[in-house]
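The values are calculated or read from the model by the stated rules, or taken from the named source; none is laboratory data. Bear in mind the structure is a predicted one, so any value in this text is a computation, not a measurement. Glycine also receives a Cβ, built like all others from the backbone with ideal geometry; neighbour counts cover every protein chain displayed.
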Amino acid sequence: MDRLFHFEIDPVTHNEQAFFKAMGTRIAELRKDSGITQVQLAKTMDVSQQTVASWEVGRRGVPVSGLPALARALGVSVETLIGEKTQPAKRGPTPKLQQQVERLARLPKAQQRVVMQMLEGVLAQASR
């Protein structure tokens, strides 16, 4: 006699829904701040654009195994991504120039080239 096993999945609690929605908002903000489209993030994460959109509205949670890659793609820690408060480093806040360089590194290569050309032009003029 064959037996069918039935597993029930616990429904998502109100707290979990709120967590996924807040995390989705953070993902969207970080992605936009980095100048990355949903399509670009989806390619980086090897998922569909619809999956990224679902994360951003909190309809789906990011798999735990995908959190490190997502954090790297957005240039933040996993703790920041999930909304955990981290203790600031003793050396103080990251200098604005370093933050901008990190954001530049996350841009698509074509946009990086444009910014670098503009920067080189300004620096060349300043050294005259």
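Quick notes on this structure:
- Residues (assigned to a helix (DSSP H, G or I), in contact with a helix residue (DSSP H, G or I) (Cβ under 8 Å, 6 or more places away or on another chain) and under 10 Å from residue 34 (Cα atoms)) located in the range 100-126: 103, 104, 105, 106
- Single match in 70, 81 (criterion: assigned to a helix (DSSP H, G or I), in contact with a Ser or Thr (Cβ under 9 Å, 6 or more places away or on another chain) and surrounded by 15 or more Cβ atoms within 10 Å (Cβ to Cβ)): 70
- Against the conditions (1) at pLDDT below 90; (2) farther than 28 Å from residue 98 by Cβ; (3) not acidic (Asp, Glu), residue 85 satisfies every one except (2).
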